[in-house]
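Enquirer: I am attaching a structure below and will ask some questions about it afterwards.
The values are calculated or read from the model by the stated rules, or taken from the named source; none is laboratory data. Bear in mind the structure is a predicted one, so any value in this text is a computation, not a measurement. So basically every Cβ, Gly included, is an ideal-geometry build from the backbone, and we count neighbours across all protein chains shown. Heavy atoms of the whole protein, side chains included, go into the accessibility calculation; ligands, DNA and RNA do not. Shrake-Rupley method; radii C 1.70, N 1.55, O 1.52, S 1.80 Å.
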Amino acid sequence: MSKSKNLVDTCPMDITINILSGKWKLGILWNLSKNIIRFNELQRLLPGITQKTLTMQLKELEKYGIIYRKVYAEVPPRVEYGLTEIGESLKPILSHMCEWGKEYKRAVTLI
């Protein structure tokens with residue numbers, strides 16, 4: 001968690017970039033926007049991500065209150081991740097980003 005700026009005194013755009021930056025965070029949030037997901041399932045949905053990186057990215061998102069982590073007292077332990085209320089507010093943004101990507105893909109294939 002190298003990004004430890006005081007977010008209160010920061011430009012709003014910088015806050016957004018600081019919280020959402022990272023190769024995997026938007027992919028994590030996109031998958032969590034669809035459903036509550038267990039750690040291993042999330043790792044399968046993000047080919048190429050290491051366990052260490054996924055853990056680190058999830059901890060950062062949890063620290064900022066974007067996602068929650070729920071641990072069930074079972075053997076073996078079951079851990080689920082989902083969006084908090086603040087995280088839910090990102091759904092329209094993620095949806096617009098997906099639509100933009102589709103439009104861009106269509107436009108590029110026409111060139």
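Enquirer: Quick one: is Thr16 of a type in the set (Val, Ile, Thr) and at pLDDT 95 or above?
Expert: no
Enquirer: For Lys91, all conditions in the list (1) touching a residue at least 24 places away in the same chain (Cβ under 8 Å); (2) exposed (fewer than 13 other Cβ atoms within 10 Å of the Cβ) hold save one; what is the number of the exception?
Expert: Unmet for Lys91, out of (1) touching a residue at least 24 places away in the same chain (Cβ under 8 Å); (2) exposed (fewer than 13 other Cβ atoms within 10 Å of the Cβ): (2).
Enquirer: Now for a different question. Could you look through the range 36-67, keep only residues that are assigned to a loop (DSSP other than H, G, I, E, B) and free of Cβ contacts under 8 Å to residues at least 40 places away in the same chain, and pick out the one that is most open to solvent (accessible area, probe 1.4 Å)?
Expert: The extreme case among them is Pro47.
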